[in-house]
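Down below is the structure, laid out as structure tokens.
What follows is calculated from the coordinates using simple rules that are stated; it is not laboratory data. Being a predicted model, the structure only gives us computed values, none of them experimental. Note that we place each Cβ from the backbone using ideal geometry, even for glycine, and neighbour counts take in every protein chain shown.
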Amino acid sequence: MKVVLTRNVKSLGAAGEIVNVSDGYGRNYLFPKKLAVPAGASAEKLAEQMKKLQKVHEAGMQAKARDLASKLRGVSCTLKAPADEGGKLYGSISEKDIVAALAGAGVQVDRRQIHLDSHIKAVGEYSIPVQVVDEQFENITLQVVADRPC
């Protein structure tokens with residue numbers, strides 16, 4: 001059965017492509033989830049329209065990614081956290097704290113864009129990768145300093 005994909009399907013193809021799939025896969029998976037429509041006489045027109053929309057969408061996403069990458073380049077943030085004499089934090093610095101620090105620097109990102117191996121638990125300087133687009137990352141510098149009460 002020939003179908004026109006309305007969305008990107010990981011192992012099948014991109015939106016706007018006309019692909020051959022088994023009848024059961026089309027009827028039981030693709031059609032109910034609105035991932036594809038049956039390829040008919042107007043399938044080529046639909047495919048062309050979807051490809052144009054996909055190109056416009058990708059161009060917009062690339063522009064946003066370039067803008068975010070330029071904002072993130074060279075950003076350095078400082079966070080104060082309570083710590084003991086040895087530099088070990090009483091709590092930890094998480095993605096939410098980093099997002100708040102970036103917002104203070106004028107850069108809006110989602111916490112899911114910040115990739116930490118584990119929460120930061122010591123005073124020091126860290127290089128934090130921030131995901132801009134699928135496989136593109138920009139590193140920011142995060143300085144964690146001890147905030148000692150008097």
| query | For the residues 44, 138, what sequence is obtained by ranking on other C-beta atoms within 10 Å, fewest first? | reply | 44, 138
| message | Just to be sure I understand the curve: with the Debye formula and one point per C-alpha of the chain, what is log10 I(q)/I(0) at q = 0.17 Å⁻¹? | response | -0.91
| said: I need to check one value: relative contact order of segment 73-146, counting alpha carbon pairs closer than 8 Å and at least 6 residues apart, in percent. | reply: 41
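Taking R0 as 35 Å, what FRET efficiency do you get between residue 108 and residue 14 from their Cβ-Cβ distance, rounded to the nearest 0.05? Spell out each step's value before the answer.
On the way: r = 29 Å, r/R0 = 0.83.
So the FRET efficiency works out to roughly 0.75.
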